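Every read-out reported here was derived from the displayed coordinates using simple, explicitly stated rules and does not represent laboratory data. What you see is a predicted model; the values in this text were computed from it and never measured. Counting neighbours? That spans all protein chains shown, and the Cβs are built from the backbone with ideal geometry, glycine included.
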Amino acid sequence: MKILVIQHKMIGDVLTTSLLFELLREKYPAARLDYLINASTQAVVAHHPFIDRFWVFTSEMETSKKAANLFQREIVKEKYDVVIDVYAKLRSALLTKATKASKRISYFKWYTQPMYTQTVKPASSSQKNEGLAIKNRVLLVEPLIGPVSEIPKPKIYLQPAELKVATKMLEEKKIGGASPVFMIGILGSGPEKTYPLPYMATLLDAIVECTSAQLLFNYIPKQQAEADTLISLCAKKTREHIHKDVYGKDLREFLALTAQCDALIGNEGGAVNMAKALGIPTFSIFAPWILKEAWNSYENEGTNASVHLKDFYPSLYQKHPKHYKKQSAGLYRQFAPDFIIPELKNFLNRITT
């Protein structure tokens, strides 16, 4: 049997969907299990033991119809028996139909339903510790493997050599020892998912005051200006605890560094999902327009926590949070550090005592 799973776009989505391969491998140990993802996300699922092949969608295919068509023809040639379209957009639906797989599964949408042999309706709520995003992904494999009672966590598979390099980086800078080390997600994937830098500086001051932790920043060189601005807004004592020159120069290096940290704290997004997959405690700040229930996974265990403006101002939300995306700047201004700091200190006490 040949099974293809499709998940375009973001790192957090690709990592989260990868847990399906563990479920599929358990049910079909001899099956060929392949994963179609975007090139920018491949590092997060590298060395995954249950994935046989990656189909990598490149930036060229985004802009070149010829390149995209050639890519599709190669996939169709594989003659998959099952295609699970987790991305569930028109582009992936058309590809799924083109494979002519005998089983083509995705979420129900009226305009793509004819392209699949079976569709499922996503749940709108979940009481599970895994969160709604994970629960809805598992719904897509249940037509193949039956009801799932225990859902595996997404995992990242770092190699010993990668961890050794990260350990050496920290040792050379004398980071660690008696003081905890926290990775700080200083920026979201865009301005509308980034907690205001003056507010973030106040949170960093509180972290250092409470724990005397050493702070690493999750950023890339082109975001240097934002990192420098944040540092300038911090108190002098806090600046002494920030090591902005120690950062992951690529995604795998970031993952290896994060694996050495005592927690990841910052904007909710891919970095938080990666830290959870590494077993690192997380404290995340949700953008006001993101549905917290979808991505606040594994918080019942006490080692992960998150905050959302809706936690403090539920009356602001008369509709699904996504309807407030254009208002994110104004909503962020209402999400002052005074709301977050008590929850943050509770989290820090749990993981450091």
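Quick rundown of the values:
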read-out	value
DSSP loop GluC sites (Glu not before Pro) with at most 13 other Cβ within 10 Å: longest gap in the chain	1-149
Acute angle (nearest 10 degrees) that the helix 132-145 long axis makes with the longest principal axis of the chain, alpha-carbon atoms	30
Candidates per trypsin sites (Lys or Arg not before Pro) in region 1-64, loop by DSSP, up to 16 other Cβ within 10 Å	LYS9
Cα lying deepest toward the dipole's positive end in region 249-353, options SER328, ILE341, GLY279, charges on Cβ	SER328
Computed over region 160-352, Kirkwood Rh from alpha-carbon pairs, angstrom	16.9
Angle between the chain longest axis and helix 337-352 axis [Cα atoms, degrees, rounded to 10]	80
Calculated [θ] (222 nm, deg cm²/dmol) that DSSP helices of n ≥ 4 give over the chain, each run adding -39,500 (n - 2.57)	-12000 deg cm²/dmol
Kirkwood Rh in Å, taken over region 2-145 so that all alpha-carbon pairs contribute	15.4
Mean-position separation - Cα centroids, region 105-131 and region 1-54, in angstrom	19
Inter-probe distance in nm under a simple model that places probes 7 Å from Cα toward Cβ, at LYS173 and SER126	3.4
Residues of type lysines that LYS325 reaches as a straight line, Cα spacing below 16 Å, ignoring anything fewer than 8 places off in the same chain	LYS193, LYS292, LYS310
Per-selection metrics, the chain (Cα): Rg and Dmax in Å	21.1, 63
Total charge dipole magnitude, the chain, about the Cα centre, Cβ charges on Lys, Arg, Asp, Glu only, Debye to nearest 20	1280
Largest-first principal axis extents, alpha carbons of region 200-239, Å	31, 16, 14
Spatial separation of Cα centroids for region 230-274 and region 320-353, in angstrom	18
Cα-centre dipole for region 160-352 with unit charges at Cβ (Lys and Arg positive, Asp and Glu negative), debye to 20	360
Listed residue (TYR195, VAL86, GLN72) projecting farthest to the positive dipole end of the chain, Cβ model	GLN72
Above-threshold pairs, the threshold being 24 Å between Cα atoms, out of LYS135/LYS276; LYS168/LYS249; LYS79/LYS153; LYS109/LYS319	LYS79/LYS153
Rg over Rh, two decimals, region 278-353 (C-alpha only, Kirkwood Rh)	0.99
Partners for LYS65 among aspartates and glutamates (Cα-Cα distance below 20 Å; same-chain residues under 8 apart left out)	GLU74
